[in-house]
């Protein structure tokens, strides 16, 4: 029943490792997003995909690579993890990129890099 | 300076009090969202406004486009309202639904 789901919920890893976070939405939405919430709880957009196409790519290190195999999935792969990557990563979806509809958020993935 | 500012940053209230959280922004927007993040971390969208006022239960959100200001009111507050309340704006005329977030207001309602 979950509208937007993310896996894993928690991720603890060593510096230098490569890891992926997965996101799936069952709302039939065309647009999906990745947000990062830092230790001060500040949310910032990282990427957005519409119908599997990248439409927003904020100033994010190229160690972060999103992949959208289909419009219901948006995964985030992170290479060579650094301490500063520790944060909560939220996936979200909306009907379309210019929609006045609300965005629906996943439960978040808490990443801790040691 | 952040494009979206919220006040107060922290707010403690007694159960039953009327609460107001403010949001000011400096960019042209097409919509403003109020989000709620509970201690467990999940984010829920409360309102999306482009003008006027919306009400949902004990929550009321207003927006004044000319003054670039929005308020979120909670009537008859309850401890379960304790959460972080986040204001987010969507750029006017932008091709995409890019949200810019405020820094959040941490609300604690004491019984």
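Among the candidates B:32, B:107, B:99, which residue alone is buried (at least 18 other Cβ atoms within 10 Å of the Cβ), within 14 Å of chain A (Cβ to nearest Cβ) and in contact with a helix residue (DSSP H, G or I) (Cβ under 9 Å, 6 or more places away or on another chain)?
B:107
Determine which member of the set B:15, B:67 is in contact with a helix residue (DSSP H, G or I) (Cβ under 8 Å, 6 or more places away or on another chain) and either loosely packed, with under 14 Cβ neighbours inside 10 Å or farther than 24 Å from residue B:108 by Cβ (or both). Break it down stepwise before answering.
Values: B:67 fails: in contact with a helix residue (DSSP H, G or I) (Cβ under 8 Å, 6 or more places away or on another chain).
Criteria check complete, one pass: B:15.
Determine which single condition residue B:103 fails, assuming it passes every other condition in (1) in contact (Cβ under 8 Å) with a residue 60 or more places away in the chain; (2) within 20 Å of residue A:106 (Cα to Cα); (3) under 10 Å from the mean Cα position of the chain (by Cα).
(3)
Return the total of residues in segment A:10-43 being surrounded by fewer than 16 Cβ atoms within 10 Å (Cβ to Cβ), modelled with pLDDT under 95 and part of a strand (DSSP E or B).
0
Determine whether segment B:59-73 contains at least one residue that is touching a residue at least 24 places away in the same chain (Cβ under 8 Å), on the phi > 0 side of the Ramachandran plot and at the interface with chain A (Cβ under 9 Å from one of its Cβ atoms).
The answer is no; no qualifying residue exists.
The values are calculated or read from the model by the stated rules, or taken from the named source; none is laboratory data. Just so it is clear, the model here is predicted, and its values are computed rather than measured. Note: ideal-geometry Cβ built from the backbone for every residue, glycine included; neighbour counts use all protein chains shown.
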